[in-house]
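A short worksheet on the structure shown next.
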Amino acid sequence: QYIAITDHSKALAMANGLDEKRVVEFAKQVRQINRDGLGIRIFSGIECDILRDGAMDLANDALAELDLVIGSVHSHMNQESAEMTDRLLRALECPHLRVLGHPTGRILLHRDPFPFDFGRVVAAAVKRGVWLEINASPERLDLHGPLIRAAHAKGARFTISTDAHHPQHLASMRYGVLTARRGWLARNDVMNTLPADEFAAALKKKS
């Protein structure tokens, strides 16, 4: 059994976001919990903002302390397709990035997906061993079924996450599972179905 603990950084955009010092301390605390032994394996992680130019909003030295780094676009979503594509491709160059969060940025009935070359970004993610998130929030369901199928055809691997900002949001996980099924995924395509030791090994393995 294991659980992945993530915290939203938003270091430059949100009050009380984690800065580099707090990220390092957070990772240290999680390692200590694992040493104390609770009968479960805990992974430290963070959702890090992908800035306008594709850089991550936290330094690589801090990100290296974590088990899991999710990179997501939360701002400047009105960029042209070519600019957004370049932004995402640069983000994928981050050596510590493991998951591309809610990849199209859509919010149902509120915000359309931002434009980018999905095929190029998926190909780069596969090459670099970055997984694609299936966000289970009913407001997102991002990626959706047809894009999941297209990415899977290119060799992508996935995680299912809840976009959780409160423990109650974990109840949305079933929507992510259903969305993955609509994308014709099997369990071995979804990395957070792995046993803890295999998941830990997968986190350390980059293409």
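The values are calculated or read from the model by the stated rules, or taken from the named source; none is laboratory data. It should be emphasised that the depicted structure is a prediction, and the values quoted were computed from it without experimental measurement. Because the Cβ atoms are built from the backbone with ideal geometry, glycine has one as well, and the counts that use them run over all protein chains shown. Remember, those area values only see protein heavy atoms, side chains included, never the ligands or the DNA or RNA. Shrake-Rupley method; radii C 1.70, N 1.55, O 1.52, S 1.80 Å.
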* residue 76: accessible area at probe 1.4 Å, nearest 10 Å²? -> 80
* Name the residues of region 113-150 whose amide N is less than 19 Å from a point 7 angstrom out from the Cα of residue 182 along the C-beta direction? -> 113-114, 132-150
* Quick one, what does Rg over Rh come out to for the chain if you take C-alpha atoms and the Kirkwood Rh? -> 0.94
* What number, in percent, do you get for the relative contact order of the chain if the mean sequence gap of Cα pairs under 8 Å and at least 6 apart is divided by its residue count? -> 16
* Structure fact -> Count of lysine pairs, the chain, Cα-Cα under 22 Å, sep. 8 or more residues or interchain, comes to 11
* Mind giving me the FRET efficiency for residue 202 and residue 29? R0 is 25 Å, r the Cβ-Cβ distance, nearest 0.05 is fine. => 0.60
* With the full set of protein chains in place, find how many percent of the accessible area of the chain is carbon and sulfur; take the probe as 1.4 Å. => 52
* Asked: Helix-derived [θ] at 222 nm for the chain: sum -39500 (n - 2.57) over DSSP H runs of at least 4, divide by residue count, nearest 500?
  -> -10500 deg cm²/dmol
* How would you rank 191-199, 139-147, 152-160, highest first, on the average number of other Cβ atoms within 10 Å across their residues? -> 139-147, 152-160, 191-199
* **Debye log10 I(q)/I(0) at q = 0.16 Å⁻¹ for region 111-167, Cα point scatterers** => -0.51
* Dimensions (Å) - region 96-207, Cα atoms, principal axes, largest first -> 37, 33, 26
* If you find the alpha carbon centre of region 21-71 and of region 86-113, how far apart are they in angstrom? -> 18
* Please give the per residue accessible area of region 77-207, computed with a probe of 1.4 Å over protein heavy atoms only, in Å². => 52
